[in-house]
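Here's the structure, in structure tokens; my notes come after.
The values are calculated or read from the model by the stated rules, or taken from the named source; none is laboratory data. This structure is a prediction, so every number in the text was calculated from the model and none was measured. Reconstructed Cβ throughout: ideal geometry from the backbone, glycine too, with neighbour counts over all protein chains shown.
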Amino acid sequence: MTYAFVLGRVYTLSLAELLAYFKTLQSPIKIVEASFELLLVETDKALDVERFQKHLGGTIKILKIVDVVKKREQDSINFCLQNYFKPSKLKADFLKSASGKIQFGVSVYLLDPEVRAFGEPKKLGMFIKRAMQDSGASIRLVLPEFNSLALASVVVTHNQLLVKGAEICALAGKDKVYIAKTLSVQDFEDYGRRDYQRPSRDDRRGMIPPKVAQAMLNLSGAKPNDTLLDPFCGIGTFVQEGALLDFKMLGTDIDRQAIVGSERNLEWFRNRYKIPKGKFHVEVADAREVHKVVENLTKLKAFGKITGVVTEGTLGPVYGQFPTAHEINQNFQDLSELYTKTFLDFNSFLGKGSKVVMCLPAYRKSGTEYVMFPNLDFATSSGYNINSVIPQEIGLLMPFLRITPRGSIIYDRKDQVVAREIVIFEKL
């Protein structure tokens, strides 16, 4: 079976998360094709699509490949598909369970950026609509807006396309077009609820989005019921997302008010999502001495061995404009001192092969130029390797990926001065 995963805005992180998640499931896959929009994989057995969609913060849609149509490089997408969409094929492959007035949408994704695609969704949509109308069906067509090629997940959801019809996708390369049906879309409303409806927020500190927290948790390689630590937990985003992914979560923070906010959020979260007791614990503690909390909880048999650390860390001051070289160097020096002691403390409870997935500050000078930590000695001198977020052999095959020279990923948002560099450390 062949599936396509539509990647999020920070597509390198989305792809890294997918590969890490497949690895934890010990589910062999073959990468068929990839672009900055898509990852196509072959699997031996059907995927639990609902589980995948809920567990992957960086995956926007999951599609199933229905067919492949050959294409000459000079041909447009609609030209090679103009005779493909027969009513019988549409009903068999896409609209088998649809009844009454059918609602369907069309999206186009590119496997090669040189493929001509402007206006293609509308042309394809009209082919399909006319074919279905000629067969006597009552049908409504939903198309991308504002010159977009693909429907956003919010449009698919609000128009109930997966309930009352289908989203039909064309994934276009130079010499072929994959025809795909959308199986699921990201639940944007639920991610928003977990972010904005929590009772405690702290915009001054900056808050990592639940999607990114989920992706980082998956990068840890943890399995269900493993125990993960966030020693800079703030208001509890990693703790809640980890519990939702069926990990046991321990969160600590030196700021007492942050822990108060975290406890309020996690009580709301536990009630809202029916999380069983014992899945998480938060308390005040200095990250440089977090082993004291770990040892105490172990004695009480409240948690098992810590199998990994996933944290945003401390990013330092928030800036509205690019800081001076002196400010940046001072921030790096202060954080290096903090993190040196923190990683040494991790050694008292992390075993060989344990991962530390962590955000570090990266100061954006221009669109794609950042000032990052000059070195990561605070970790490497304490017995940790730096792992590339994407396996090197895969990264070499995908030159479009945005990976730093040391194998990390930059996550940022528009007009944000202090970006997040996501780094994976492994205990030697």
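For the range 337-353, give me each residue that is surrounded by 16 or more Cβ atoms within 10 Å (Cβ to Cβ) and either of a type in the set (Phe, Trp, Tyr) or within 28 Å of the chain's Cα centre (by Cα) (or both).
Scanning the range 337-353 gives TYR339, THR342, PHE343, PHE346, PHE349, LEU350.
Being closer than 25 Å to ARG288 by Cα and hydroxyl-bearing (Ser, Thr, Tyr) is the filter here, so list the residues in the range 251-273 that pass it.
THR252, SER262, listed by residue number.
Only one of these is among the hydroxyl-bearing types (Ser, Thr, Tyr) and within 25 Å of PRO317 (Cβ to Cβ): SER220, SER200. Name it.
SER200
What number of residues in the range 259-284 are in contact with a Pro (Cβ under 9 Å, 6 or more places away or on another chain) and surrounded by 14 or more Cβ atoms within 10 Å (Cβ to Cβ)?
5
Among the residues of the range 103-158, which ones are acidic (Asp, Glu) and either closer than 22 Å to GLU33 by Cα or within 25 Å of the chain's Cα centre (by Cα) (or both)?
The answer is ASP112, GLU114, GLU120, GLU145.
Does any residue in the range 73-97 that is closer than 20 Å to ALA166 by Cα come within less than 7 Å, Cβ to Cβ, of a residue that is at pLDDT 85 or above and among the basic types (Lys, Arg) six or more places away or on a different chain, and which pairs are these?
From residues that are closer than 20 Å to ALA166 by Cα, the pairs are ASN78/LYS123; ASP93/LYS181; PHE94/LYS181.
Out of ARG364, ARG420, report the one residue that is surrounded by fewer than 19 Cβ atoms within 10 Å (Cβ to Cβ) and of a type in the set (Lys, Arg).
One residue alone meets the criteria, ARG364.
Checking ARG201 against (1) surrounded by 24 or more Cβ atoms within 10 Å (Cβ to Cβ); (2) more than 22 Å from LEU338 (Cα to Cα), which test does it fail?
The failed condition is (1).
Would you pick out the residues in the range 234-271 that are aromatic (Phe, Trp, Tyr) and either without any contact (Cβ under 8 Å) to a residue 12 or more places away in the chain or not in a helix (DSSP H, G or I) (or both)?
Passing the criteria: only PHE247.
Of everything in the range 23-57, what is without any contact (Cβ under 8 Å) to a residue 12 or more places away in the chain and surrounded by 14 or more Cβ atoms within 10 Å (Cβ to Cβ)? Give them in sequence order.
Across the range 23-57, the qualifying residue is only LEU25.
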